[in-house]
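**Q** Next up is a structure, given as C-alpha cells.
The values are calculated or read from the model by the stated rules, or taken from the named source; none is laboratory data. What you see is a predicted model; the values in this text were computed from it and never measured. Reconstructed Cβ throughout: ideal geometry from the backbone, glycine too, with neighbour counts over all protein chains shown. Surface areas here come from the heavy atoms of the whole protein model, side chains and all, with no ligands, DNA or RNA. Shrake-Rupley method; radii C 1.70, N 1.55, O 1.52, S 1.80 Å.
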Amino acid sequence: MWPLLFLNVLILNVNALSDVEEMRGEERLFLSALGLSERPRPTGHGRRVPPVLWRMFRRRADGHAGDSDSCLVSEYGVRGNIIRYVQDQGQLMSGWSHSCQGCTEKHHFFNLSIIQPVEQLSLAQLEIKFQWNLFTSPRFLLGPQALSVSLYKVVRATLRGASHQQNRRLLLSQSVQIHPEPTSLTLDITSLAENWRKPGRNYGLVMELQPHSSNPEELLPFYPGNAVPSEPHITFPEIQASLVIVSLNPDQCRSRRRRSAIHLPVSPSNVCKLRRLYIDFKDVEWQDWIIAPQGYQANYCHGECPFPLSESLNGTNHAILQTLVHSLDPHGTPQPCCVPIRLSPISMLYYDNNDNVVLRHYQDMVVDECGCR
C-alpha cells in the first residue's frame with residue numbers, strides 16, 4: 001500500500017511540476033512578445049517616475065499622441081517606441097580634485113547593456129540637475145553664486161597613480177548660475193552612447209565642478225572665530241544625473257492610425273463578434289515591476305461565420321465565397337475564421353532589473369473590431 005501511495009504522490013508532484021513549467025513557458029512566450037528576454041525583478045526600491053514620462057504615458061493612454069504614427073516620440077522629435085530613464089551608477093571620485101584646487105569630481109556611469117542589439121538608438125540625452133540644500137549648505141547666500149562645469153568623456157581606464165588627463169576628452173565647459181531652486185543642464189550624447197554599446201568602450205563621464213568667486217576667501221566656509229582648517233572644505237550642490245534613452249525596435253513598431261473601437265450590433269451569441277477580456281497584471285503576479293497600467297482591456301474574437309455573411313461580420317469577398325462553398329460541402333470546406341481585423345496599441349510603464357523607469361509602446365494589443373476571414 002505504501003509504495004502505491006508514494007507512487008501517487010510522486011505522480012501528483014510530477015504533474016504539478018509539469019504545470020509550473022508549462023506556465024513558465026507561456027510566461028516566457030508572452031514576455032518575448034513584449035520584447036523582454038526575462039521577467040524584470042526590480043529591487044523594490046524603484047526610483048520615482050519622472051513627471052515627463054507620466055505625461056507621455058497619459059497622453060498615449062488617452063489617444064492624444066502619435067495618432068498617425070504611434071512610434072514617433074514628439075516630445076523629443078525622434079522615432080522610437082521605448083523610452084528609458086537610465087540611472088547614474090557613478091559616485092564622487094574624491095572630495096578634493098588633484099587636477100585643480102577648489103574642484104570636486106563626479107564620475108557618471110550608465111549601463112547601456114539593457115538595450116537589445118535589435119534596437120536602433122534614436123536619442124541619448126544627458127540630464128544633470130544641481131540642487132542646493134540650504135540646511136546642509138547654509139552659506140549658499142554668502143558663498144559662490146555660480147559654478148564652472150567641465151564634462152569629460154573617459155576614453156580608457158586610468159591605472160592607479162597615473163595621470164588621468166590624457167585619458168579624458170572635453171565635451172562641455174560652461175558656467176552655471178546656481179539658485180536655491182534646482183538648476184539643470186541637458187546635453188545630446190547620442191553618438192557617444194552609440195559607441196558605449198560596443199563591448200569595452202563604456203568608461204563613463206567625469207564632471208569637474210569649480211566655484212566662481214572674485215574673492216578667493218569667499219570659497220572658504222564660515223567657521224566660528226575665523227578658524228580655518230589646513231585643508232579647505234567647500235560645499236557643493238547635490239548632483240542628480242540621468243540619461244534619457246529613446247530607441248526603436250523596428251520589429252515591434254509599425255506606422256498605424258489609431259482608431260476608436262466600433263461596437264458591433266447585438267447578434268446571436270454563436271455569431272462572430274468582439275468579446276470582452278480584461279487582463280489584470282496582478283493575476284500573473286507582475287504588479288511588482290509594472291507601474292502602469294494595472295491591467296488593460298485586451299478583448300478577443302469568437303463565434304461562427306455562417307452563410308450568408310452580413311455586413312456586420314466584415315467579411316472579405318474570399319470569406320463570402322468560402323461560406324457559400326461551406327454551405328454546399330460542410331465536410332470538405334471549413335467556415336471562415338472569426339479574427340481581429342483592427343487592433344490598437346497600449347503603453348506600459350515599468351521598472352527593469354536595474355530599477356530604471358521604462359516607457360514602452362506596444363502595437364496590436366487591444367482588439368477593436370472582429371471580422372470573418
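**Q** When only residues in region 190-203 that are assigned to a loop (DSSP other than H, G, I, E, B) and either free of Cβ contacts under 8 Å to residues at least 24 places away in the same chain or in contact with a Lys or Arg (Cβ under 8 Å, 6 or more places away or on another chain) (or both) count, which is least open to solvent (accessible area, probe 1.4 Å)? Steps first, answer last, please.
**A** Start the filter on region 190-203 by keeping residues that are assigned to a loop (DSSP other than H, G, I, E, B), which leaves 197-203.
When the remaining residues are screened for being either free of Cβ contacts under 8 Å to residues at least 24 places away in the same chain or in contact with a Lys or Arg (Cβ under 8 Å, 6 or more places away or on another chain) (or both), the result is 198-201, 203.
On the way: Lys198: 104, Pro199: 125, Gly200: 62, Arg201: 113, Tyr203: 83 Å².
Filtering region 190-203 for residues that are assigned to a loop (DSSP other than H, G, I, E, B) and either free of Cβ contacts under 8 Å to residues at least 24 places away in the same chain or in contact with a Lys or Arg (Cβ under 8 Å, 6 or more places away or on another chain) (or both), the one least open to solvent (accessible area, probe 1.4 Å) comes out as Gly200.
**Q** Could you tell me which numbered condition Gly66 fails, if it satisfies all but one of (1) modelled with pLDDT under 90; (2) open to solvent by 40 Å² or more (accessible area, probe 1.4 Å); (3) in contact with a Leu (Cβ under 9 Å, 6 or more places away or on another chain); (4) within 30 Å of Ile346 (Cβ to Cβ)?
**A** It fails just one condition, (2).
**Q** Restricting to region 169-189, and then to whatever is in contact (Cβ under 8 Å) with a residue 60 or more places away in the chain and not charged (D, E, K, R), can you tell me which residue is surrounded by the most Cβ atoms within 10 Å (Cβ to Cβ)?
**A** Start the filter on region 169-189 by keeping residues that are in contact (Cβ under 8 Å) with a residue 60 or more places away in the chain, which leaves 186-189.
After this cut, where a residue has to be not charged (D, E, K, R) as well, the list is 186-187, 189.
Working: Thr186: 10, Leu187: 14, Ile189: 20.
That would be Ile189.
**Q** Quick one: which residue in Asp364, Asp368, Asp355 is under 27 Å from Lys282 (Cα atoms) and not in a strand (DSSP E or B)?
**A** Details: Asp364 fails: not in a strand (DSSP E or B); Asp368 fails: not in a strand (DSSP E or B).
Sole residue among the options that is under 27 Å from Lys282 (Cα atoms) and not in a strand (DSSP E or B): Asp355.
**Q** Considering only region 318-336, I want to know if a residue exists there that is touching a helix residue (DSSP H, G or I) at 6+ places or on another chain (Cβ under 6 Å) and either in contact (Cβ under 8 Å) with a residue 60 or more places away in the chain or outside any loop (DSSP other than H, G, I, E, B) (or both).
**A** Filtering region 318-336 down to residues touching a helix residue (DSSP H, G or I) at 6+ places or on another chain (Cβ under 6 Å) leaves 333, 335-336.
Pick out the ones that are also either in contact (Cβ under 8 Å) with a residue 60 or more places away in the chain or outside any loop (DSSP other than H, G, I, E, B) (or both) and you get none.
Within region 318-336, none of the residues are touching a helix residue (DSSP H, G or I) at 6+ places or on another chain (Cβ under 6 Å) and either in contact (Cβ under 8 Å) with a residue 60 or more places away in the chain or outside any loop (DSSP other than H, G, I, E, B) (or both).
**Q** Would you point out the residue of region 338-373, among those that are over 19 Å from Ala61 (Cβ atoms) and among the charged types (D, E, K, R), that is most open to solvent (accessible area, probe 1.4 Å)?
**A** Our first condition is that a residue be over 19 Å from Ala61 (Cβ atoms); within region 338-373, this holds for 338-341, 352-356, 369-373.
Next, only the ones that are among the charged types (D, E, K, R) stay: 352, 355, 369, 373.
On the way: Asp352: 19, Asp355: 16, Glu369: 19, Arg373: 102 Å².
By that ranking, first place goes to Arg373.
**Q** So, in region 272-288, of the ones that are part of a strand (DSSP E or B) and among the aliphatic types (A, V, I, L, M), which residue ends up nearest to Gly25 (Cα to Cα)? Spell out the reasoning first.
**A** Of all residues in region 272-288, those part of a strand (DSSP E or B) come to 273-275, 278-280.
Filter once more, so that each one left must be among the aliphatic types (A, V, I, L, M): 274, 279.
On the way: Leu274: 28, Ile279: 18 Å.
Going through the qualifying residues, I end up with Ile279.
**Q** Kindly indicate whether any position in region 111-121 is part of a strand (DSSP E or B) and either open to solvent by less than 60 Å² (accessible area, probe 1.4 Å) or modelled with pLDDT of 90 or more (or both). Steps first, answer last, please.
**A** Just the residues of region 111-121 that are part of a strand (DSSP E or B), to begin with: 120-121.
Of the ones still in play, those that are also either open to solvent by less than 60 Å² (accessible area, probe 1.4 Å) or modelled with pLDDT of 90 or more (or both) are 120-121.
Scanning region 111-121, I find at least one residue that is part of a strand (DSSP E or B) and either open to solvent by less than 60 Å² (accessible area, probe 1.4 Å) or modelled with pLDDT of 90 or more (or both), so the answer is yes.
**Q** Loosely packed, with under 11 Cβ neighbours inside 10 Å, modelled with pLDDT of 85 or more and in contact with an Asp or Glu (Cβ under 6 Å, 6 or more places away or on another chain), is that true of Asn270? If you could, list the steps in order and put the result at the bottom.
**A** On the way: loosely packed, with under 11 Cβ neighbours inside 10 Å: yes; modelled with pLDDT of 85 or more: yes; in contact with an Asp or Glu (Cβ under 6 Å, 6 or more places away or on another chain): yes.
For Asn270, the condition - loosely packed, with under 11 Cβ neighbours inside 10 Å, modelled with pLDDT of 85 or more and in contact with an Asp or Glu (Cβ under 6 Å, 6 or more places away or on another chain) - is met.
**Q** For region 326-337, enumerate the residues that are among the hydrophobic types (A, V, I, L, M, F, W, C) and surrounded by 14 or more Cβ atoms within 10 Å (Cβ to Cβ). First the steps, then the outcome.
**A** From region 326-337, those among the hydrophobic types (A, V, I, L, M, F, W, C) are 328, 337; that's our starting set.
Passing the criteria: only Cys337.
**Q** Name the pairs whose Cβ atoms lie under 6 Å apart, with the first residue in region 115-134 and free of Cβ contacts under 8 Å to residues at least 24 places away in the same chain, the second surrounded by fewer than 17 Cβ atoms within 10 Å (Cβ to Cβ) and not in a strand (DSSP E or B), and 6 or more positions between them or separate chains?
**A** That search, which allows pairs on different chains as well, returns nothing.
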